[in-house]
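So the structure is just underneath, and the comments pick up after that.
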Amino acid sequence: MRLSHALMASAIALWVGSTQSAVADFQGVFRMIVGEPRYMDPNLASDFSIYVNAQLFQPLARIGGDGQLEMLQAKSIDLGADGRTWTITLNPDYKWSNGEPITAADWEYSWKRILNPKVASEVAVFLSDIENAEAYNKGTITDASQVGIKATGDYTLQVVTGKVAPQFRAKLALPYLTPVPKAVVEQFGDGWVAPEHMLTNGPYKLVSRVNDQSIVMEANPHYGGKKPAISRIEMTIASGDLCTAQLRAYEADEIDFVTCLPSQDIARIQKDPELSKQLDPFPLAASEWVQYDMTNPLWADKRIRHALGLAIDRNAIVTAVSNGTARPAVTVVPESIPGGSSGDAIQGSIEDARKLLADAGYPDGKGFPQFTIATTANRGRPLIAQLLQQMWSENLGIQSTINVLEENAFRAWVQSRKTEKYDTAIQGWWSDYADPANWYGDLVLSDYRQNHFSNAEFAALVEKGNTEPDPAKRLEFFRAANKILEEEQPMSAIQNPTDLWMVKPHVLGLKHEGVLNMYHIEEASLQ
Amino acid sequence: MLSYFCKRLLAGIPTLLISFTLVFFIAHATPGSPWDSSSNRPLEPAVKARLDAKYHLDDPLYVQYVDYLAGALRGDFGPSFRDRTKSVADIVAQFLPVSLKLGGAAMLLAVLLGLPFGALAALSRHPAVDGAIRVISTLGISMPTYVVTSILIVAFGVGLGWVPTFGWKGLFSASSLVPVFSLALAPLAAVIRCFRTSMLEVMNLDFIRTARAKGLRPMTIIVHHMGRNALIPAVTVVGAYTSYILVGSFFVESIAGIPGFGRYFVLAVAARDYPVIIGTTLIYALFVIVINLIVDLSYYLLDPRVRTEHAR
């Protein structure tokens, strides 16, 4: 009996003891919860892994608040008189985390690796402006030396685009376009990202990684930029409901930083006198909308699309979905993107919407066939679908059903809409890089969301804008394109999402960066 | 006896094959692709085609089935699609032990508390004791684990700050308190109810009266005579719970951030990680088969009647 008591007591002591020691360790460490990165290889990741990788790897430059490039790993980036030849001089102060120099050959190797069809990188598309890059990536040419990326000196890299491509400047700041250490990648293959092998060029290096459990980083002693004030980052890995896990841990003082909030907690946080001060919202250059299948005869009459667009109460949607933290959007391209302007929005009241529908042959919605609103199951989209269904029914007298699909199944559904007909879908776009080409070109012309909008005048304007070197003239093309996009209304804008961060008061200087809303822990310090 | 268990073991093979076939075709029939990430852009068709080719997903489904089955028979379940630097075997080796420890601790807790509480509820003359234990056991059975886990985390993690809200720092740390208790609650309640009922049944049997009349000590009667006989139904309940608790609870592990087998299974399904889905399902099936066998074996050891039946 005594022995069992002793055992019980020691077990309790062990339990309590381990908790206390864990608390003591937290001084001087930045703690956060992230999702499990799908790739630790910066040249492969295009999902939220980039936020983890951005602490370890750094691109040539970043876009500053004024829209100009701020140099990081590059000392200078110059565009030649031909408008196609970019000469990039590297800053030799930046070294791999083992102290070896990062040379132009490393950069050439890495960017060609992204394009290598065998690597099958999702981010190859961001290098497609480069001469022969697409052909090499698609396998139509196999000789990598024909690709317009060349190390012309130890620290000079020359990149030639296929044609004049002003948007390439913004892409130079993309977090995926970093170097990887050639020798290590060639020696260890996919396993080069293991902590014992990985070399980084950014402010931190990888110390340990346990899959689906934790990632630990420490300051890279050979980093060429300003030495980080925070020397250690401890990331706990969450799966599933990341926002809820983050907020719980944040409120229990286990982490210093929250990157999103569960929608049901937003109102409580906003009312709380302490927590509301730690709230750090960031309006994103992103949009969500409802789109019509433009090849479906149901939507052939522009007046019907206008009627549906005018019948949406956007304020009601942002209030219901995000407690008013997202911003109601009347146009698809956000105003922060050059070309975007809310002045181009279609104008009219609910009455006007009813009249438009009546003019199109459906007075009070009579005879309008029932249609389907397709949506993914996440991001509050099912609620948006329900509100649209209700608004269209009440305001226009037309009936719809909702088809909610699990996230991955929804993506497969969207891809299969390339050839198959549908009615409407709720969709969104987050800026990849700070340039109108990313919206008018990638989103609309490349038809990534299977909207099937085709308009010769719009396409011609975007093509001109994509290759116009003069920024002022370029803007004019996109401004004109935006007017057509709104007047044709292939999509009806709903809202511009806002990222909601929370940062503990003892963390100073953690800033939002760029259209991807990156964070750079090296800029922050702990009080 | 030996032939009976050999037969049972052999019967497990078709069960595993059927599980394998079902999960293989259901996984592949589910819409979605392992390569489509949650990034902004859809995957370029050329990239998708190359990845499909690299992992033989462009072969006809029956060819994939035969290839995969041949690999599985050699013990090779292939690479994980979600983390291509790891094989399914690596993943099992990394995540299953966490779930086993957590589930083992939970089952131990359920049995160590369940049997005395069950006995107490049956034997107590005081209606309040029986009532209180019945309330606990009813709550334990009717509250889903995800509710229990969330409530415990919000109360003891966020509210009181006694335990971490998230993550895993080993079994002997505060991080295991909430998940172990949440996991233990349902089997605990079941053991209490089951053991209480069977104790009540045994209580009035003739041999107990004889034992009392012989003047044996009450504790000896309760433990050796009543308890041992009442244990058999409880073993069935424990066995049923053991297989699913040991392999890892989807809900508890996801909510409490335990890097275990159950959570990985959920992630694999969401990511359409076919090899991991198939591998984990087979391990789960194997556990169910083996633990059912162990339960049968325990009847044999606990109940002399079963032994005599087999001897005949």
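Read-outs throughout are calculated quantities, based only on the coordinates presented, and are distinct from any laboratory measurement. Quantities reported herein were computed from a predicted structural model and do not represent experimental measurements. Using ideal geometry, Cβ is built from the backbone for each residue, glycine included, and neighbour counts are taken over all protein chains shown.
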**OP:** Quick one, can you get me the convex hull of the C-alpha atoms of the stretch A:321-383 expressed as volume per residue in Å³?
**Re:** 154
Original post:
To the nearest 0.05, what FRET efficiency results for B:ILE151 and B:ILE294 with a Förster distance of 25 Å applied to their C-beta separation?
Top reply: 0.15
Original post:
Using r as the Cβ-Cβ distance of B:VAL66 and A:ASP253, and R0 as 56 Å, what FRET efficiency do you calculate, to the nearest 0.05?
Top reply: 0.55
Original post:
Between A:TYR448 and A:THR319, what length in nm is gained on full extension when 0.36 nm per residue of separation is reduced by their alpha carbon distance?
Top reply: 43.6 nm
Original post:
If you keep only loop residues by DSSP, which trypsin sites (Lys or Arg not before Pro) in the stretch B:141-214 have at most 13 other Cβ atoms within 10 Å of their Cβ?
Top reply: B:LYS214
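Would you mind checking A:LYS112/A:LYS227; A:LYS163/A:LYS418; A:LYS302/A:LYS366; A:LYS205/A:LYS226; A:LYS138/A:LYS163; A:LYS75/A:LYS171 for any pair whose Cα atoms are more than 20 angstrom apart?
A:LYS112/A:LYS227; A:LYS163/A:LYS418
For A:PHE126, B:PHE251, what's the fewest-to-most ordering of other Cβ within 10 Å of each Cβ?
B:PHE251, A:PHE126
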**OP:** Give the span of chain B's Cα atoms along each principal axis, as three whole-Å numbers ordered largest to smallest.
**Re:** 84, 59, 29
Subject >> Relative contact order [Cα under 8 Å, 6+ residues apart], chain A, whole percent >> reply: 18
**OP:** List the pair-distance distribution P(r) of the stretch A:327-427, using every Cα-Cα distance, as the percent of pairs falling in each 5 Å bin from 0 up to the bin containing the longest distance, rounded to whole percents.
**Re:** 2, 11, 16, 17, 19, 19, 13, 3, 0
**OP:** State, to one decimal in nm, how far the label point of A:ALA194 lies from the label point of B:LEU22, with both points 7 Å from Cα in the Cβ direction.
**Re:** 3.8
Subject >> Relative compactness, the stretch A:286-496, computed as alpha-carbon Rg over 2.2 N^0.38 Å >> reply: 0.99
Original post:
So if R0 is 35 Å, what FRET efficiency would A:GLU394 and A:ALA460 give, r being the distance between their Cβ atoms, rounded to the nearest 0.05?
Top reply: 0.30
Original post:
Taking Cα centroids, how far is the stretch A:189-264 from the stretch A:295-340 in Å?
Top reply: 37
Original post:
Looking at the stretch B:1-60, what % of the alpha carbon pairs are farther apart than 14 Å?
Top reply: 71
Subject >> Exercise: per-residue mean of other protein chain Cβ atoms within 10 Å, A:115-121 >> reply: 3
**OP:** Classify the stretch A:273-402 as rounded, prolate or oblate from the Cα gyration tensor: take a ≥ b ≥ c as the square roots of its eigenvalues, call it rounded if a/c is under 1.5, otherwise prolate when a/b beats b/c and oblate if not.
**Re:** prolate
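In the stretch A:101-185, which trypsin sites (Lys or Arg not before Pro) are in a loop and have at most 14 other Cβ atoms within 10 Å, using DSSP for the loop call? Could you put the intermediate results ahead of the total?
Values: sites: A:LYS112, A:ARG113, A:LYS118, A:LYS138, A:LYS150, A:LYS163, A:ARG169, A:LYS171, A:LYS182; in loops: A:LYS118, A:LYS163.
Passing both the DSSP loop test and the Cβ count: A:LYS118, A:LYS163.
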Original post:
Along the principal axes of its C-alpha atoms, what lengths does the stretch B:137-262 span, in descending order and rounded to whole Å?
Top reply: 56, 28, 25
**OP:** Could you check the simple spin-label distance between B:GLU201 and B:THR30, using points 7 Å along Cα→Cβ, in nm with one decimal?
**Re:** 4.0
Original post:
In percent, how large is the relative contact order of chain B, given Cα pairs closer than 8 Å and 6 or more residues apart?
Top reply: 26
Subject >> P(r) weight above 19 Å for the stretch A:275-344, C-alpha pairs, percent >> reply: 49
**OP:** May I ask for log10 I(q)/I(0) of the protein assembly as shown at q = 0.10 Å⁻¹, from a Debye sum over the Cα atoms as equal point scatterers with solvent left out?
**Re:** -1.20
Subject >> When each of A:LYS95/A:LYS182; A:LYS182/B:LYS48; A:LYS95/A:LYS118; A:LYS271/A:LYS511 is checked by Cα-Cα distance, pairs over 18 Å >> reply: A:LYS182/B:LYS48; A:LYS95/A:LYS118; A:LYS271/A:LYS511
Original post:
For the protein assembly as shown, which cysteines have no disulfide-compatible partner, meaning no other cysteine Cβ under 4.7 Å?
Top reply: B:CYS6, B:CYS194
Original post:
How big is D for the stretch A:478-527, in µm² s⁻¹ as a whole number, if Stokes-Einstein is applied with the Kirkwood radius of its Cα pairs at 4 °C and 1.567 mPa s?
Top reply: 90
Subject >> Equivalent ellipsoid semi-axes, the stretch A:58-179, via Cα gyration tensor eigenvalues times 5, rooted, Å >> reply: 21, 18, 14
Subject >> the protein assembly as shown, helix-only ellipticity at 222 nm - DSSP H runs n ≥ 4, -39,500 (n - 2.57), divided by all residues, nearest 500 >> reply: -14500 deg cm²/dmol
Original post:
For the stretch B:20-123, which trypsin sites (Lys or Arg not before Pro) are both in a DSSP coil and crowded by at most 15 other Cβ atoms within 10 Å?
Top reply: B:ARG74
Original post:
Mind checking the mean number of beta-carbon atoms from other chains within 10 Å of the Cβ atoms in B:153-164?
Top reply: 4
Subject >> Simple spin-label estimate for B:SER142 and A:MET518 in nanometres, 7 Å along Cα-Cβ >> reply: 5.4
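Given N residues in the stretch A:443-527, what is Rg(Cα) / (2.2 N^0.38 Å)?
1.62
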**OP:** Note down, for the stretch B:107-159, the three equivalent ellipsoid semi-axes (square root of 5 times each alpha carbon gyration tensor eigenvalue), biggest first, whole angstrom.
**Re:** 26, 13, 10
